[in-house]
1. Within the range 196-223, list the residues whose amide N lies under 20 Å from a label point set 7 Å along Cα→Cβ of residue 12.
2. Could you work out the local net charge near residue 162, counting Lys and Arg as +1, Asp and Glu as -1, over the other residues with Cβ closer than 9 Å to its Cβ?
3. Name the long-range amide H neighbours of residue 26: under 5 Å, sequence gap of 5 or more, or other chain; modelled H, no Pro or chain starts.
4. What is the spin-label model distance, in nm, from residue 118 to residue 105 if the labels are put 7 Å beyond Cα along the C-beta direction?
5. Select from 58, 166, 40 the residue whose mean-square fluctuation is largest in a Gaussian network model of the chain (Cα-Cα springs shorter than 10 Å).
6. What is the range 34-151 by shape, rounded, prolate or oblate, if you read a ≥ b ≥ c off the alpha carbon gyration tensor as root eigenvalues and call it rounded for a/c under 1.5, prolate for a/b larger than b/c, and oblate otherwise?
7. Using semi-axes √(5λ) of the Cα gyration tensor in Å as the read-out, say which of (i) 28, 21, 14; (ii) 26, 20, 17; (iii) 34, 18, 17 was calculated from these coordinates.
8. 7 Å from Cα along Cα→Cβ at both residue 125 and residue 39: what's the point-to-point distance in nm?
Amino acid sequence: MKILFTKSLDKEKVSEKLGTDFSVDFVEVIHTEILKTKSFGLKNNSLIFTSVNGVKAFFENGFSPNENFAEPKNYNKIYVVGSQTKKELRQHNFGTFKLCKNANELSNFITENSVNEKFLHFCGNIALDILDEKLPLQNIYYKKIPVYKTKLLYPKIDEKYQAIVFFSPSGVRSFAKFNQLDGMKIFSIGKTTTSELEKLTDNKIITSSKNTLADILNLIKSSI
């Protein structure tokens with residue numbers, strides 16, 4: 001099977017994982033760039049990160065959470081979406097109060113358990129609207145802090161593939177502008193990416209339940 005990943009990955013590692021039944025190619029469909037943002041005091045706000053890029057840009061801009069329980073007026077709980085986002089926080093020696101698979105799961109957790117907190121979401125300029133649509137309806141303070149921007153690259157792919165893998169809603173929009181999805185098996189990293197794909201195709205979409213690359217690769221292997 002000839003398969004296209006809409007993200008640059010380690011070709012040797014991916015090929016080793018999938019085996020000889022697959023031929024893999026990679027294309028960048030989005031480009032991210034850190035926005036220069038003046039850091040400010042986080043007080044006792046809870047922090048939300050929904051991407052690795054959000055974490056990287058947060059620290060690049062000089063922000064620093066306070067995880068010292070002895071300072072309740074300045075303590076920051078950290079909520080994240082995705083295991084890779086959590087892993088990136090660990091690289092900066094910070095923990096996670098709550099890990100969720102997607103933004104919808106996070107919004108449900110907050111409305112059920114954290115209505116008295118104030119939330120700052122460090123995100124990209126085209127972050128999904130799930131949180132800011134739902135949380136204010138529950139009278140929960142929520143504010144987006146854009147710390148990076150995403151540019152859609154709109155590649156035109158002439159080669160034919162039997163399968164394609166998507167990693168974000170913005171990646172779906174970028175690829176779909178000049179390319180068709182007909183006739184391909186479609187793999188998606190998670191529910192929010194799948195929701196974007198469902199706007200564009202009636203094809204079956206195979207979605208990772210764990211929202212990880214390892215799970216996606218296992219799904220691909222089991223699909224033939």
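A short reminder: the numbers here are calculations on the coordinates, not readings from a lab. From a predicted model like this one, the values you see are computed outputs, not experimental measurements. Every residue, glycine among them, receives a Cβ derived from its backbone with ideal geometry; neighbour counts consider all protein chains shown.
1. 214
2. Summing Lys/Arg as +1 and Asp/Glu as -1 gives +3.
3. 5
4. It works out to 2.9 nm between the two label points.
5. Greatest mean-square fluctuation among the candidates belongs to 40.
6. rounded
7. Structure-derived value, by its label: (iii).
8. The answer from the label model is 2.3 nm.
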